[in-house]
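Heads up, the thing below is written out as structure tokens.
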Number of protein chains: 4
Amino acid sequence: MISKDKTSRTAAPEVRRKQLIDATVTCISKHGISGTTLTAVTKEAGLSLGLVNFHFKSKDALLTATLNALAEEHRALWMTAMGQGGLDAADKLAAIVNAQFHPRVCSRKKLAVWFAFFGETTHRKSYRDSTAHIDTERQETSARLCREISADVDADQIAATLEGLFDGFWLNMLMYPARFRRQDAAQAVFAYLHAQFPSHFADRV
Amino acid sequence: MISKDKTSRTAAPEVRRKQLIDATVTCISKHGISGTTLTAVTKEAGLSLGLVNFHFKSKDALLTATLNALAEEHRALWMTAMGQGGLDAADKLAAIVNAQFHPRVCSRKKLAVWFAFFGETTHRKSYRDSTAHIDTERQETSARLCREISADVDADQIAATLEGLFDGFWLNMLMYPARFRRQDAAQAVFAYLHAQFPSHFADRV
Amino acid sequence: MISKDKTSRTAAPEVRRKQLIDATVTCISKHGISGTTLTAVTKEAGLSLGLVNFHFKSKDALLTATLNALAEEHRALWMTAMGQGGLDAADKLAAIVNAQFHPRVCSRKKLAVWFAFFGETTHRKSYRDSTAHIDTERQETSARLCREISADVDADQIAATLEGLFDGFWLNMLMYPARFRRQDAAQAVFAYLHAQFPSHFADRV
Amino acid sequence: MISKDKTSRTAAPEVRRKQLIDATVTCISKHGISGTTLTAVTKEAGLSLGLVNFHFKSKDALLTATLNALAEEHRALWMTAMGQGGLDAADKLAAIVNAQFHPRVCSRKKLAVWFAFFGETTHRKSYRDSTAHIDTERQETSARLCREISADVDADQIAATLEGLFDGFWLNMLMYPARFRRQDAAQAVFAYLHAQFPSHFADRV
DNA sequence: CATGAATGAGTCTTCATTCAT
DNA sequence: AATGAATGAAGACTCATTCAT
């Protein structure tokens, strides 16, 4: 896409950084991480090649910033939804589930980028750092909510299982979109939760 | 005496192909797909650079062959386990679950390779072809077994959920091995199955 | 004023392209087409290796551009000479002959390059495209001029024979420079023309 | 019992050499010299790769042998035709001309190979050696025959012009077969000779 | 003699990074 | 801040040559 303020030759650093990160997301979703060249990113952003190394220290820094932006966007989504007033624990847990499958986070484009990064995670520890604490925070929050809902469950196992379902459905939605759709995935998660908490989540199944 | 062992200058094509595929698995697990250079693979295998393009048409062919080998190894594992005599439907479903978390398939090394390929799947349709029919076959088998166990369940949803759990636990085992261990993952899956089929899987939880 | 001379780090694209084409001509004349590596070309040009694929899409594009440059240089030579004012048909035909053996076009260096390309022409149709229409144009022009000089000749055969003489003398000048010199070749061609048009070309024999 | 036919695992060296040279001619005509790999040659010949370096010292030796075979075939053709009894000087000269455009020597396939070698001649002196003395011999023979036919001509210029016509028509026949055909080329050469020797070659024009 | 797997130097091409303008 | 030409290291791939069988 072409820069919206094409008239200004200079722009605020934050604006440029966001432009570049958005272009990076698009490029990764189309061509993968190794296929994402700085030339391609800057062309996508409608900017000049040299800008990348001006606003980011290196290509690696751009990729890390992109992953961080993605992770933060996701975190903000469920944190905000959970922070609404008047929600009980089950509602809050449901908010986390729904955020997981929210179109803004769970589009094919975004999923492609997520798994592109996951594929590099093993040998790029820095990528893991971007997601680890956010994942941990969400898992612990889920476990706490489970405990609030009912004291008679293995909250840790449920929270871990939720994490598994989130990522597993994401992957299957990415690879087999015809068989795995957002609605079905969310419904399957609520079916699981309803089985664990028979007096909750009935209306969401 | 002249032997045909690995010290011989020439070897059967199948032997060399396996050597190269094994080295590729090791390289991908260590450095990712883009970091897996032919130089690195051949060095890992103790062979010369030119040999790859002799036994495989291209680097891409090597990668595809590697993914196929991985997929076939996995398929053979659960097919064999399921094919044992005297198993009822629940036993067979359990065999699939256990195969999913079997050390040979579910080592950190193998998981790293799986997700390296998944990360490229979006823009390399050929990779998806290698796994799609195997995944479908497993999911349909699971659904059939669920129907055999009980007619009163949403077998398709359970099978889909199982697929989600398999992949999701795999990813979390890869990224957070301290929090997600093979035993726990299998147990969590059986807990899920026990909730769906209360008169089965009790002893596996 | 901004100087675009060779000492500047960056130069106008056309300047660089010409530099690279000139270096290519030199390399081909010295080492043939298959011996003309990009490393050799860029070293000859005093530029860095990567620059070729920046200014040309590929090595093949560089070679095609080189052939086109050669063909165009040749065409411009006889077109210009023929376009001088006050020339009759025989003078114009003589201009074509003289251009064919002009030092700028007919040096050993250039001839070596021409025949290097001719040697590849059979299996590289694109090379033929570069020369075909120029050759045709020259042959048809010659035929037309022959008809203007005299109506009593087989103008097409003469034009075809001229083409044969041009190329044949070129090849022999390249291979046996001691026996075939520019002056002798031109003179032999004029002797042929004088035999066909007895009342013309007498002073050039 | 050891037989010499193609089914035998071993064959006389001369047979193998000829097989390889023929295959080389075919490969060069199809793919040029740089595209003629030993793998391609041996596949074309239906032989194994290792044989080349057994029967020829190197690829270069194979190419030189191929050029020599071509040159010798050509030489034998006009020498034989010229050696027929009862021929006068003009007949002998005509025999040289006809040999030059004989289908066995002047096929598109052979022409492609000739010019492939000519293209490399500049920087591979060894190739020139293969043709130089044969070309010289033919040119001197032509000159001698011209002198026998008539004392009133510039025999050296005519012989040189003939050489030019031979090579020039060859090249144009290779590049523009539609415009330059064997019959027309031979006829044009005889037209030239008839112009030089008005009382000869009239019936060949 | 014959085979074809193995070797590794050489080539084209890509691309992150630099830097003069 | 911004530009984009220039650089050169690194990687995939080719292929003449070798050599164990």
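With its label point defined 7 Å out from Cα along the Cα-to-Cβ axis, C:ALA132 lies at 3.7, 4.1, 6.5 nm from the matching points of the other copies, in increasing order. Between A:PHE169, A:PHE190, A:PHE54, the Gaussian network model of chain A with springs among Cα atoms under 10 angstrom shows the greatest mean-square fluctuation at A:PHE54. Considering helices alone, the calculated mean residue ellipticity of the protein assembly as shown at 222 nm is -23500 deg cm²/dmol, with DSSP H runs of length four and up weighted by -39500 (n - 2.57) and normalised per residue. Could you work out how far the C-alpha centroid of the range B:56-122 sits from that of the range A:113-146, in angstrom? What the calculation gives is 24 Å, centre to centre. In this structure, the pairs whose alpha-carbon distance is over 20 Å, taken from C:LYS59/C:LYS125; C:LYS30/D:LYS57; C:LYS18/C:LYS59; D:LYS57/D:LYS125; A:LYS43/C:LYS57; A:LYS30/A:LYS57, are C:LYS30/D:LYS57; A:LYS30/A:LYS57.
Compared with the dominant Cα axis of chain B, that is its longest principal axis, helix B:89-100 is turned about 40°. Per-residue mean of foreign Cβ neighbours for C:108-120 is 4 (Cβ atoms of other chains, 10 Å radius). Note on chain A: with charges restricted to the Cβ of Lys and Arg (+1) and Asp and Glu (-1), its dipole about the Cα centre is near 1220 debye.
Inter-copy label distances at A:LYS30, shortest first and taken from points set 7 Å along Cα to Cβ: 3.5, 4.0, 4.2 nm. Peptide B:184-195 has a mean shielding of 3, counted as Cβ atoms of other protein chains within 10 Å of each residue's Cβ. Note: chain A, Cα convex hull, 132 Å³ per residue.
Once both labels are positioned 7 Å from their Cα atoms along Cα-to-Cβ, the gap between B:SER48 and C:LYS125 label points is 3.8 nm.
In straight-distance terms, cross-link reach from D:LYS109 covers every one of the aspartates and glutamates whose alpha-carbon lies under 12 Å from its own, apart from those fewer than eight places away in the same chain; here that gives D:ASP22.
Here the relative contact order of chain D, from alpha carbon pairs under 8 Å that lie six or more residues apart, stands at 17 percent. Spacing of the modelled spin labels on B:GLU73 and A:ASP22, each 7 Å from Cα toward Cβ, amounts to 4.4 nm.
Computed from Cα positions, the angle between helix A:13-31 and the longest principal axis of chain A comes to roughly 70 degrees.
Using a Förster distance of 35 angstrom, determine the FRET efficiency expected from the C-beta separation of D:ASP60 and C:LYS57, and round it to 0.05. According to the calculation, E is roughly 0.60. Within the shell of other residues whose beta carbon sits under 9 angstrom from the beta carbon of B:THR26, the net charge comes to 0, with Lys and Arg scored +1 and Asp and Glu -1. What percent of all Cα-Cα pairs in the protein assembly as shown falls in each 20 Å bin, counting up from 0? Distribution as computed: 13, 30, 23, 21, 11, 2, 0 percent.
Ranked from shortest, the separations from the 7 Å Cα-to-Cβ label point of B:ALA195 to its equivalents in the other copies are 0.7, 10.1, 10.3 nm. Computed from Cα positions, the angle between helix C:59-83 and the longest principal axis of chain C comes to roughly 40 degrees. What's the center-to-center distance, using Cα atoms, between the range D:154-205 and the range C:148-205 in Å? The range D:154-205 and the range C:148-205 have Cα centres spaced 12 Å from each other.
Each peptide in C:106-119, D:146-159 gets a packing score, the mean of other Cβ atoms within 10 Å over its residues, and the list from highest to lowest is C:106-119, D:146-159. Per-residue shielding of B:130-139, expressed as the average number of other chain Cβ atoms within 10 Å of the residue Cβ, stands at 1.
Just so you know, all these numbers are worked out from the coordinates, no wet-lab data involved. Since this is a predicted model, take the numbers as computed values, not measurements. Positions of Cβ are generated from backbone atoms using ideal geometry, with glycine treated the same way; all protein chains shown enter the neighbour counts.
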